[in-house]
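Colleague: Pasting a structure below so you can have a look.
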């Protein structure tokens with residue numbers, strides 16, 4: 001639900017439809033992984049630990065120098081102090097050709113794409129979350145207000161905290177969502193945070209765009 005809009009339960013009867021804007025992008029992710037023989041390929045051995053590199057001209061400018069990748073470890077939570085986001089993370093896979101988001105029954109939980117690189121490892125890790133439910137704001141409600149340079153911390157199962165710095169924040173219309181550009185990495189540890197954005201269409205029960213945050217690993221420290 002967009003800021004300032006008040007949708008009743010009747011207007012939002014199909015709550016799952018509010019995820020559609022994000023799902024469009026994640027369907028493209030699934031198709032893109034399948035087309036590239038990556039880790040999303042069914043019944044296949046794990047592919048490379050990073051997504052294919054996107055053309056430099058198509059990506060947001062790199063603000064931070066590459067940081068050495070961290071060993072693989074399960075991400076436990078995400079903390080973005082500047083916008084008040086503090087949430088547990090759960091692993092999510094593909095379902096019906098798209099990344100399966102956390103259920104609406106746990107709106108304060110975000111999901112990380114378990115078949116891609118974990119946050120801190122080489123490549124572009126993906127974390128998704130709802131912007132709202134039919135009754136209240138959800139985990140990534142404030143994501144669109146994040147600014148370049150903001151700190152994103154991801155505590156991990158190996159006792160380290162991966163620190164990312166935001167390089168760009170974009171609102172991308174569904175019709176212009178470029179999976180290679182969004183999910184492609186530049187051969188360094190990166191992070192993508194994704195939620196719904198743009199205008200809410202009451203008739204279609206969906207948002208028109210995705211908010212996408214591009215961030216790069218810049219540090220790590222013990223938890």
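The values are calculated or read from the model by the stated rules, or taken from the named source; none is laboratory data. What you see is a predicted model; the values in this text were computed from it and never measured. Quick reminder, even Gly has a Cβ in these numbers, built from the backbone with ideal geometry, and neighbours come from all protein chains shown.
Colleague: Only one of these conditions is not met by residue 43: (1) over 17 Å from residue 152 (Cβ atoms); (2) at pLDDT 85 or above; (3) surrounded by fewer than 15 Cβ atoms within 10 Å (Cβ to Cβ). Which number is it?
Modeller: In the conditions (1) over 17 Å from residue 152 (Cβ atoms); (2) at pLDDT 85 or above; (3) surrounded by fewer than 15 Cβ atoms within 10 Å (Cβ to Cβ), residue 43 misses (2) alone.
Colleague: Within segment 189-198, which residues are over 11 Å from the mean Cα position of the chain (by Cα) and within 18 Å of residue 142 (Cβ to Cβ)?
Modeller: 197, 198
Colleague: Answer yes or no as to whether residue 206 is within 19 Å of residue 61 (Cβ to Cβ), over 17 Å from the mean Cα position of the chain (by Cα) and crowded, with 18+ Cβ neighbours inside 10 Å.
Modeller: Numbers: within 19 Å of residue 61 (Cβ to Cβ): no; over 17 Å from the mean Cα position of the chain (by Cα): yes; crowded, with 18+ Cβ neighbours inside 10 Å: yes.
Spelling it out, it is not the case that residue 206 is within 19 Å of residue 61 (Cβ to Cβ), over 17 Å from the mean Cα position of the chain (by Cα) and crowded, with 18+ Cβ neighbours inside 10 Å.
Colleague: Of all residues in segment 61-120 being at positive phi and modelled with pLDDT of 95 or more, which is surrounded by the most Cβ atoms within 10 Å (Cβ to Cβ)? First the steps, then the outcome.
Modeller: First, pick out the residues of segment 61-120 that are at positive phi: 84, 96-97, 120.
Among the residues that remain, those that are also modelled with pLDDT of 95 or more are: 84, 120.
Values: 84: 10, 120: 25.
By that ranking, first place goes to 120.
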